[in-house]
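> One structure, pasted below without further comment.
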Amino acid sequence: MKKAIIIGGGVAGMQTALRLSELGIEPLLLEKGAEPGGKLRGWHALFPTFTPAEEVLTELRRRIERQKIEVRTRSEVRSVTPTSVTLADGTELACDAVVVATGFTLFDAAVKEEYGYGLYDNVYTSADIERMLNEGRVACADGRAPARIAFLHCVGSRDEKVCQQHCSRVCCITGVKQAMEMKRLFPGADVFNFYMDIRMFGTGYEEMYREAQQRCNVHFVRGRISEAAPTLDGRIQIKAEDTLTGRPLRMSVDMLVLLVGMRANDDNATLNEELRRAPSGFLSPRDHFLGNIRSNVEGIFYAGTVTAPKNVGETLNEATAAADAVAEYLKA
């Protein structure tokens with residue numbers, strides 16, 4: 001039986017392994033963490049349906065167990081060729097093909113010092129909010145319920161100052177989703193979304209955006225927050241400009257939420273020096289149409305956000321396509 005190694009145990013890696021198993025190819029799933037699941041383990045609900053992330057993750061894990069797919073955790077990969085994978089401890093694993101599904105890295109909001117993440121209380125990232133929602137406790141640092149919440153889009157995306165010029169695609173809809181969740185938790189709170197552009201590209205996204213405005217009364221302000229500073233009463237004062245009216249704006253909020261983008265993994269360049277990378281640092285597919293899940297190295301394939309920001313649905317579909325391409329390659 002032919003064998004394929006999948007690097008990365010997130011949703012892309014798990015779905016790739018499942019599809020390969022269905023096609024009669026032996027998959028070996030390598031995950032550098034303590035358990036599979038990737039970033040999905042930290043998410044609360046998925047847009048646009050508000051489906052609990054745990055439901056999707058549990059079902060993927062159940063299928064992995066049912067098909068008796070081998071999963072090796074705490075297995076960090078050092079280098080890759082089309083016929084072998086070398087782990088950080090020097091172990092070399094032989095195979096017939098490799099699928100790289102190592103995902104992305106969340107932008108470190110502390111880099112944008114003007115917003116005070118890690119410096120001031122009550123400044124959070126979108127990932128922090130997902131964690132708080134999962135824990136069932138969303139509150140200000142002192143435990144009180146927020147009366148005014150501001151979301152800031154494009155933190156670590158479309159920003160030349162931090163060398164992140166690409167759009168992370170899912171930040172806009174994440175901001176809409178979390179704003180709606182905040183209004184459900186705190187109906188009397190004022191919720192603001194500060195944005196450069198609203199990019200509602202997916203099925204059901206535009207409808208969510210309209211619902212957030214019309215039913216939930218979420219306020220959308222076109223303009224970037226220029227700085228944030230703590231106040232004596234433990235709130236955050238923000239300065240911005242409403243670019244639709246041209247007027248400066250200043251307000252105090254109980255919570256400032258930074259919608260952090262996706263950035264490429266730092267170790268993309270070390271996997272194999274022949275693999276092409278895009279200017280953004282993400283791995284670049286052979287072409288963007290007929291070979292978007294193939295690398296420029298024969299026998300190495302890509303699945304998920306290792307090549308660009310994507311949502312969960314796109315990632316799962318691409319993983320299936322990657323497995324099908326592996327099967328076609330191994331038959332040749």
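> Of the listed pairs 161/239; 39/310; 3/32, which have alpha-carbon separations greater than 24 Å here?
Numbers: 161/239 19 Å; 39/310 12 Å; 3/32 20 Å.
From 161/239; 39/310; 3/32, over 24 Å: none.
> In nm², what is the average projected area of the convex hull enclosing the Cα atoms of the stretch 194-260?
So the mean shadow area of the Cα hull is 5.5 nm².
> Let me ask something else about it. Determine the dipole magnitude for the chain: charges of +1 sit on the beta-carbon of Lys and Arg, -1 on that of Asp and Glu, nothing else is charged, the reference point is the Cα centre, and the result goes in debye to the nearest 20.
With only Lys, Arg, Asp and Glu charged at Cβ, the dipole is about 500 debye.
> May I pose another question? Determine the relative contact order of the stretch 152-305: mean sequence separation of Cα pairs under 8 Å and six or more apart, normalised by residue count, in whole percent.
It comes to 20 percent, rounded to a whole number.
> Strictly greater than 25 Å: what percent of every Cα pair in the chain meets that?
Across the chain, Cα pairs with separations above 25 Å total 53 percent.
> A further question follows. Just 142, 128, 254 to compare: in a GNM of the chain, with alpha carbon springs under 10 Å, which one fluctuates most?
Greatest mean-square fluctuation among the candidates belongs to 142.
> Turning to a different aspect of this structure: Provide the percentage of antiparallel DSSP beta bridges, counting only those with both residues in the chain; round to the nearest 5.
DSSP beta bridges in the chain are roughly 45 percent antiparallel.
> Moving to a separate point now. Comparing 29, 244, 271, which has the greatest mean-square fluctuation in the GNM of the chain with Cα pairs linked when under 10 Å apart?
244
> State the antiparallel share, in %, of DSSP beta bridges confined to the stretch 124-237, rounding to the nearest 5.
In the stretch 124-237, DSSP labels about 25 percent of beta bridges as antiparallel.
> Further, regarding this structure: If Rh is defined by the Kirkwood formula over all Cα pairs and Rg also comes from Cα, what ratio Rg/Rh do you get for the stretch 36-151?
Looking at the stretch 36-151, the ratio lands at 1.08.
> Can you list residues whose amide H is under 5 Å from residue 84's amide H, if they're 5+ apart or on another chain and H is modeled 1.01 Å from N?
95
> Among 93, 283, 30, whose mean-square fluctuation peaks in a Gaussian network model of the chain (Cα, cutoff 10 Å)?
Comparing 93, 283, 30 in the GNM, the peak value goes to 93.
> Still on this structure, I have one more. Place a +1 charge on the Cβ of each Lys and Arg in the stretch 109-262 and a -1 charge on the Cβ of each Asp and Glu, then give the dipole magnitude about the Cα centre in debye, rounded to the nearest 20.
Values: 20 positive and 20 negative charges, 58 e Å.
Value, rounded to 20: 280 debye.
> Follow-up question, since we're still on this one. Reachable aspartates and glutamates from residue 112, Cα under 14 Å, same-chain residues fewer than 8 places away excluded?
Straight-distance partners of residue 112: 159, 160, 227.
> At 4 °C and 1.567 mPa s, grab the translational diffusion coefficient of the stretch 109-262 from Stokes-Einstein with a Kirkwood Rh over Cα pairs, rounded to a whole number in µm² per second.
In µm²/s, the coefficient rounds to 83.
> What longest region of the chain stays clear of trypsin sites (Lys or Arg not before Pro) that DSSP places outside H, G, I, E and B and that have at most 12 other Cβ atoms within 10 Å?
Numbers: sites that count: 68, 137, 144, 215, 276.
Here the longest segment lacking exposed loop sites spans 145-214.
> Continuing with this model, one more query. Debye calculation, C-alpha points only, no solvent: report log10 I(q)/I(0) for the stretch 224-310 at q = 0.20, 0.21, 0.24 Å⁻¹, in the same order as the q values.
Computed log10 I(q)/I(0) values: -0.85, -0.92, -1.13.
Where a number appears in this text, it was derived from the coordinates with a stated rule and is not lab data. Source: prediction; values computed, not measured. Neighbour counts run over all protein chains shown; Cβ positions are idealised from the backbone, glycine included.
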